[in-house]
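Here is the structure we will look at.
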Amino acid sequence: MPTEQSAIESVLNETRRFPPPAPGEVGAARWLIDSADAYRAMYERSLADPDGFFEEVTADLHWFRPWERAVEFKAPDAKWFLGGKTNLCYNCLDRHVENDRGNEVALVWEGEPIQPNGQPEIVTYTYRELLREVCKFANVLKKLGVRKGDVVTIYMGMVPELAIACLACARIGAVHSVIFGGFSSQAIVDRVVDADSRVIVTCDGAWRRGHVVPLKENVDAAVNELQASGGAGAGSLLRDQQIDYVVYLKRTRNQIVWHADRDYAWRDLMVMADEWCPCEELDSEDDAFILYTSGSTGKPKGIRHTVGGYMVHTYLTSKYVFNLIPGLATPKRPDPLPDGQLFWCTADVGWITGHSYIIYGILAARVPSLMYEGAPNFPAEDRFWAMVERHKVTQFYTAPTAIRAFMKWGQEHVEKHDLSSLQVLGTVGEPINPEAWMWYREFIGRGVCPIVDTWWQTETGGHMLTTLPGVHDTKPGSCGVPFFGVDAAICDEQGNEISGGGGLLAIRKPWPSILRGVWGDRDRFVSTYWTKFNVDGALDNGDGVSPYYFPGDGAHRDPDGYFWILGRVDDVINVSGHRLGTMEVESALVSHPSVVEAAVVGMPHEIKGTGIAAFCTLEPNEMPKDAAGMDRLRAALTAHVAEQIGAIAKPDQIRFTDALPKTRSGKIMRRLLRDVAAGVQQIKQDTTTLEDFTVLARLHESKES
Ligand code: WTA
């Protein structure tokens, strides 16, 4: 029963809207779906008749054994494509080779360094070439004893071998766990232990803005820590954890320390490997990969995705949201690639966006994927636009934080380049402010390209809310409407639908790439995602499990049915479009010897969207005497957080205080801290439960000089 009351206030009042252009206006051959009626018919069928709908739309994909039933759901457990046998790698590579497309370009890679000839290194793989490399590396993994279901940790820079390693795992049914190359050695330790992984694939180093990130050194530090605590005895988390093999790719000529007992050079193993490796026929519900993401408690969660559903959803969203049309030349992009389109997602494969829209979805859709190794401002701020021009990119997918950086750097960097190849623009990772959206449309999209603002999560595997480029009007700041198979609503805490105003985003039915669990932690899976909405009468077994999925975001829906994301409602903050749990940063701070207690909240930040503000209480006598001492301690704490988690978690603001504002029951009042961090002078919030009123005043005084 819809209620009128609004659970979260929404303040954005944006009324601009832009109709979809005719395909010719942006140089597209056609829109795969080109009318609201066609979308609506497909959408309604996807919910009402999933068996029929998915049978039709997945007919292009290869199943070793066809599935019998689309979906089975008993909250919180969903299964998709039951009885089906398939393989992600087969659908990304072998299928195209078998269909006589083996010589088409699958992957275009551009390195960061500019070579002496003034050009970057560019490497192109056809489906056939990529398949051969993947088979070889799959054989390498098998030689190292990796079997179906084993977790392989991948900690690499953005090199083609990263995609090859992932696809090789997929081929043999091993479960990859990719760790973002910007994370520290401690992050490797935590994830390796949690996943019980015995093989790590890494690089000697990764290029980033002209410098080398010492990946192998970080892996060594992690392995040393694991070994040092190996004998820690009963109760130790690290007990029995052992890394058997570290495979490293030489990319940067960075000096490394070689350990004879475990280290193997990628190329040494590859020259000996066989060029053919059979493809494992996996069950739809076999694990495909895990990817760790932050939650509102300290420890990152290993999000589990399975083969069939993930494949179908990433394939479908790639195709329809970006309008990918394989094997077709367009007037704007006749050559040098045989096909018309080239898709570029600027994310790192260390995040879900890179998994789904650099590798799996795009390769499955048979449009070449561009992968770039380095930073957007190396050697200059026009690097991305030089690349769009050089490769004649047709679809470009990036994050609001990057768009805001481009705005700040100035449009002159953009105007130097011919971006007329672009057909569709995409954004993901955080709500986009209308100003950045308008800039993106105007300066990158020539004022004509449709922008797809895709709302989704690590847990959802692929796009959930978005517009389709040939169907929907776009509205700056709104992520649009549900994709096929997605039943989204705005609810109050009880799960009642709210018809006007803001509330909690809820997904009322499972979709194919819904997370299947949290690795090794059933309770956390249930409590994080499946206990929020206490829908009356829907709980038949009295175990408190909600039938709706809770993503942790607030949102509202306008009268046209468009969703507007209001941001996280839990203790997760979205920094530069990357999720960080405030608890994680707090734990890192408290692990520094000077810090007793820490509270971390988000604060508005011009480029990052949300920055990190930290409030720390210190050990007695540790409070620095003067401003210089405070600066030194701030620098030490910042370095400590970077070491514990990675540079992305560095606080933007650190304040010292002798007490944190708490309720009588001892809970830190984060909403007050958020106001303090945002510089709100007069705290207007209700402070009646605040234990010690003087704390607030002193917090204001502690502001950084
Ligand atoms: C946020 C990234 C507004 C949201 C794919 C979500 C967004 C979290 C959007 C997931 C968007 C992602 N508009 N907010 N288009 N896309 N978010 O797991 O808060 O790194 O819950 O997945 O990012 O972040 P994650």
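The values are calculated or read from the model by the stated rules, or taken from the named source; none is laboratory data. In this text, all values refer to a predicted model and were calculated from it rather than measured experimentally. Counting neighbours? That spans all protein chains shown, and the Cβs are built from the backbone with ideal geometry, glycine included.
Can you pull out every residue in the range 22-44 that is free of Cβ contacts under 8 Å to residues at least 24 places away in the same chain and small (Gly, Ala, Ser)? I'd like the intermediate steps shown before the answer.
Of all residues in the range 22-44, those free of Cβ contacts under 8 Å to residues at least 24 places away in the same chain come to 22, 24, 37, 40-41, 44.
Selection gives Ala22, Gly24, Ala41.
Tell me the helices (runs of 4 or more DSSP H) entirely within the range 399-498 that contain at least 2 residues that are without any contact (Cβ under 8 Å) to a residue 12 or more places away in the chain, crowded, with 20+ Cβ neighbours inside 10 Å and more than 16 Å from the ligand (Cβ to nearest atom).
Qualifying helices (runs of 4 or more DSSP H): none found.
Write out, first by first residue and then by second, each pair whose Cβ atoms fall under 6 Å of each other, whose residues are 6+ apart or on separate chains, and whose first residue, in the range 45-68, is farther than 21 Å from Leu32 by Cα while the second is of a type in the set (Asp, Glu) and surrounded by fewer than 19 Cβ atoms within 10 Å (Cβ to Cβ).
Going by the 6 Å Cβ cut-off, the qualifying pairs are Phe64/Glu281.
Among the residues of the range 252-266, is there at least one that is modelled with pLDDT of 95 or more, touching a Gly at 6+ places or on another chain (Cβ under 8 Å) and among the basic types (Lys, Arg)?
No, there is no match, as no residue in the range 252-266 is modelled with pLDDT of 95 or more, touching a Gly at 6+ places or on another chain (Cβ under 8 Å) and among the basic types (Lys, Arg).
Quick check on this structure: which one of Gly544, Gly554, Gly485, Gly500 is among the small types (Gly, Ala, Ser) and within 30 Å of Ile362 (Cβ to Cβ)?
Gly485
Would you pick out the residues in the range 548-565 that are surrounded by 20 or more Cβ atoms within 10 Å (Cβ to Cβ) and over 17 Å from Thr460 (Cα atoms)?
At the first step, the residues of the range 548-565 found to be surrounded by 20 or more Cβ atoms within 10 Å (Cβ to Cβ) are 548-557, 562-565.
Selection gives His556, Arg557, Tyr562, Trp564.
Filter the range 499-516 for residues that are surrounded by fewer than 22 Cβ atoms within 10 Å (Cβ to Cβ) and away from the ligand (no atom under 16 Å from the Cβ); which is farthest from Glu44 (Cα to Cα)?
Within the range 499-516, the match that is farthest from Glu44 (Cα to Cα) is Gly501.
Working carefully through the options Val123, Val108, Val134, Val146, find the one that is assigned to a helix (DSSP H, G or I) and under 25 Å from Leu215 (Cα atoms). Break it down into steps so the answer makes sense when it comes.
On the way: Val123 fails: assigned to a helix (DSSP H, G or I); Val108 fails: assigned to a helix (DSSP H, G or I); Val146 fails: assigned to a helix (DSSP H, G or I).
Matching residue, one of Val123, Val108, Val134, Val146: Val134.
Assess whether Glu44 counts as being at pLDDT 95 or above and over 21 Å from Gly470 (Cα atoms).
Judged against the criteria, Glu44 is not a match.
Which members of the range 149-164 meet the condition of being within 21 Å of Gln186 (Cβ to Cβ) and not β-branched (Val, Ile, Thr)?
Passing the criteria: Tyr155, Met156, Gly157.
Okay, residues lined up against (1) within 16 Å of the ligand (Cβ to nearest atom); (2) out of contact with any strand residue (DSSP E or B) (no Cβ under 9 Å at 6 or more places or on another chain); (3) of a type in the set (Lys, Arg):
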| residue | (1), (2), (3) |
| --- | --- |
| Asp521 | no, no, no |
| Phe525 | yes, no, no |
| Asn534 | no, yes, no |
| Gly544 | no, yes, no |
| Pro547 | no, no, no |
| Ile565 | yes, no, no |
| Val572 | yes, no, no |
| Leu589 | no, no, no |
| Pro593 | no, yes, no |
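I'd like the full set of residues that are at pLDDT below 70, in a helix (DSSP H, G or I) and either hydroxyl-bearing (Ser, Thr, Tyr) or buried (at least 17 other Cβ atoms within 10 Å of the Cβ) (or both), limited to the range 659-694.
Result: Thr694, single match.
Against the condition assigned by TED's automatic domain parsing to the domain that holds Leu672 and at positive phi, how does Gly602 come out, does it pass?
Answer is no for this residue.
Is it the case that Ala588 is part of a strand (DSSP E or B), crowded, with 20+ Cβ neighbours inside 10 Å and small (Gly, Ala, Ser)?
no
Yes/no per residue for (1) surrounded by fewer than 19 Cβ atoms within 10 Å (Cβ to Cβ); (2) assigned by TED's automatic domain parsing to the domain that holds Asp261:
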residue: Val134; (1), (2): no, no
residue: Tyr155; (1), (2): no, yes
residue: Arg171; (1), (2): no, yes
residue: Phe180; (1), (2): yes, yes
residue: Phe183; (1), (2): no, yes
residue: Val219; (1), (2): no, yes
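Scanning for something within 16 Å of the ligand (Cβ to nearest atom), modelled with pLDDT of 90 or more and in a strand (DSSP E or B), does the range 595-603 turn up at least one residue?
Scanning the range 595-603, I find at least one residue that is within 16 Å of the ligand (Cβ to nearest atom), modelled with pLDDT of 90 or more and in a strand (DSSP E or B), so the answer is yes.
Is it true that Leu515 is under 20 Å from the mean Cα position of the chain (by Cα), more than 30 Å from Ser197 (Cβ to Cβ) and in contact (Cβ under 8 Å) with a residue 60 or more places away in the chain?
Considered against the rule, which asks whether it is under 20 Å from the mean Cα position of the chain (by Cα), more than 30 Å from Ser197 (Cβ to Cβ) and in contact (Cβ under 8 Å) with a residue 60 or more places away in the chain, Leu515 comes out as no.
Are any residues in the range 387-408 among the hydrophobic types (A, V, I, L, M, F, W, C) and over 14 Å from Tyr440 (Cβ atoms), and if so, which ones?
The first filter runs over the range 387-408 and keeps only residues among the hydrophobic types (A, V, I, L, M, F, W, C), leaving 387-388, 393, 396, 399, 402-403, 405-407.
Across the range 387-408, the qualifying residues are Met387, Val393.
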